[in-house]
Amino acid sequence: MSSSEAGGRPQPRPGVLAIEPYVPGKSAAPGLGKFYKLSSNETPLGPSPMAKDAFKKCADSLSVYPDGSARALREAIGARYGLDPARIVCGAGSDELIFFLAYAFIGPGDEGIYTRHGFAVYRIATLAAGGTPVVAEERNLTADVDEILAKVTARTKIVFLANPNNPTGTYLNFTEIKRLAAALPRNVLLVLDAAYAEYATRNDYSPGLELVLTSENVVMTRTFSKIYGLAALRLGWLYAPAPICDAVDRLRGPFNVSTPAMQAGIAALADVAHLEKAIAHNEAWLGRLAREIAELGIGVTPSAANFLLLHFSNAAEARAADAFLTSRGLILRAVDSYGLPECLRLTVGNEEANRLVVAALAEFKGKDFSRA
């Protein structure tokens, strides 16, 4: 039988090729010897020395499969936050867990809600599961509970909410999160993506653990990629009601988290001093960068994370600023794919990078902005 008689080459199921792939930020400045990557919200302090040592110690056991249950890591997370390890599931980054949640609870004809400028993976995961993504409008680049609730229908299966949100840096306070959770139908899953929770130090912020403990339809996801500096190892976790953990566990691969990632994660959790140093660095520079950049006439969205959304007069100026900064070895994140073509996202970097980016933006805007 010829290939034409058999129906031609294998074809993805309907809808797969209609998914727009995730567009990462730039990671290099070609032709420049030194550059500063401020495009991916990575910590400028790097991982804990304890985490690096733990990673290196795994070199002699690379031929051995990891613990498929991630028991030691789950117990370390449970001890750190006072949680039941049996209700923790670990994954290759929180992105993987978001996909598992979509696969478990969304199917053809079902809907997944996310906000206008919410993390792009929510849309991709919903489509990958065969569902329909539904956009809830935001207010002042911030998720709006009433707008989300207005989009809920009998077909809604999941509401995805990044809090704080990427790429805007805005957040909903815990009162609003509780209002959202209370108003959702009991059969709708609320996924609270708290990837930047450690950076969110406002008194009215909560990553949502309390709701997971008292609800049957709330999940919190976390990551080791941001403040813990383990992005290359792909490590995340979720806390959820037992039935939801059971569903996710049935979908994940038997060895989805590597031994080096688990051991580095355990060590990172133990190094509280390094975590506190990273928080202090971010608090010192986030407000300073926002203030100094605003003084240049560039709009800045207040942020509860480790990055700032910068607003230029239009998309053309944003593209010109991006090119200018790149020529200076300063790589920011264009966010056209998030519907924000007039914006760039700036990750808080080390002191040298932070000073250079303000000086470069001042040069771009034609202003003298020297700082001692």
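Quick look at the values:
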read-out	value
Hydrodynamic radius of the chain per Kirkwood, over alpha carbon pairs, in Å	21.8 Å
Accessible surface of the chain [probe 1.4 Å, protein heavy atoms]: carbon and sulfur percent	54 percent
Integer Hz, Karplus 6.51/-1.76/1.60 couplings in order for segment 34-40, x for Gly and Pro	10, 9, 10, 8, 10, 10, 10
Percent RCO, i.e. relative contact order, over segment 14-171, from Cα pairs under 8 Å lying at least 6 residues apart	20 percent
Label-point gap, in nm, between ASP146 and GLU210 - each point 7 angstrom along Cα→Cβ	2.4 nm
Alpha carbon centroid spacing (whole Å) that separates segment 207-232 from segment 303-329	29 Å
Cβ charges +1 (Lys, Arg) and -1 (Asp, Glu), total dipole of segment 12-157, debye	380 debye
Computed accessible area, ARG328, all protein chains, 1.4 angstrom probe, square angstrom	100 Å²
Backbone HN-Hα couplings from phi across segment 266-279 [Karplus 6.51/-1.76/1.60, Hz, Gly and Pro as x]	4, 5, 4, 4, 6, 8, 5, 4, 5, 4, 5, 5, 5, 5
For segment 132-190, convex hull volume per residue from C-alpha positions, Å³	79 Å³
Which of THR156, THR170, THR142, positive extreme of dipole for segment 116-198 (C-beta unit charges)	THR156
The chain: most fluctuating residue of GLY46, GLY349, GLY229 per GNM, C-alpha cutoff 10 Å	GLY46
For segment 300-372, convex hull of alpha carbons as volume per residue, Å³	98 Å³
Nearest 10 degrees, 0 to 90: helix 174-183 Cα axis against the chain principal axis	30 degrees
Helix 242-251 axis, angle to the chain major axis (alpha carbon atoms, nearest 10°)	90 degrees
Solvent accessible area, Å² - LYS178, 1.4 Å probe, full protein context	100 Å²
Crossing angle, helix 71-81 versus the chain [Cα axis fit, 0-90 degrees, rounded to tens]	60 degrees
Inverse mean reciprocal Cα-Cα distance (Kirkwood Rh) of segment 13-118, Å	18.7 Å
FRET E, pair GLU352, GLU20, Förster distance 30 Å, beta-carbon r, rounded to 0.05	0.25
MRE, 222 nm, helices only [DSSP H, n ≥ 4, -39500 (n - 2.57), over the chain, to nearest 500]	-11000 deg cm²/dmol
Computed over segment 72-200, the ratio Rg/Rh where both radii use C-alpha atoms and Rh is Kirkwood	0.96
Solvent-accessible heavy-atom area per residue, rounded to whole Å², over segment 292-372 at 1.4 Å	37 Å²
Shape box of segment 213-261 [Cα atoms, principal axes, largest first, Å]	32, 25, 11
Spatial separation of Cα centroids for segment 148-198 and segment 54-128, in angstrom	18 Å
Integer Hz, Karplus 6.51/-1.76/1.60 couplings in order for segment 294-302, x for Gly and Pro	4, 5, 7, x, 9, x, 9, 7, x
Residue-level accessible surface for VAL16, protein heavy atoms, 1.4 Å, Å²	50 Å²
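The values are calculated or read from the model by the stated rules, or taken from the named source; none is laboratory data. Everything numeric in this text was worked out from a predicted model, so none of it was measured. So basically every Cβ, Gly included, is an ideal-geometry build from the backbone, and we count neighbours across all protein chains shown. Note: accessible area is taken over every heavy atom of the protein model, side chains too, but ligands, DNA and RNA are not part of it. Shrake-Rupley method; radii C 1.70, N 1.55, O 1.52, S 1.80 Å.
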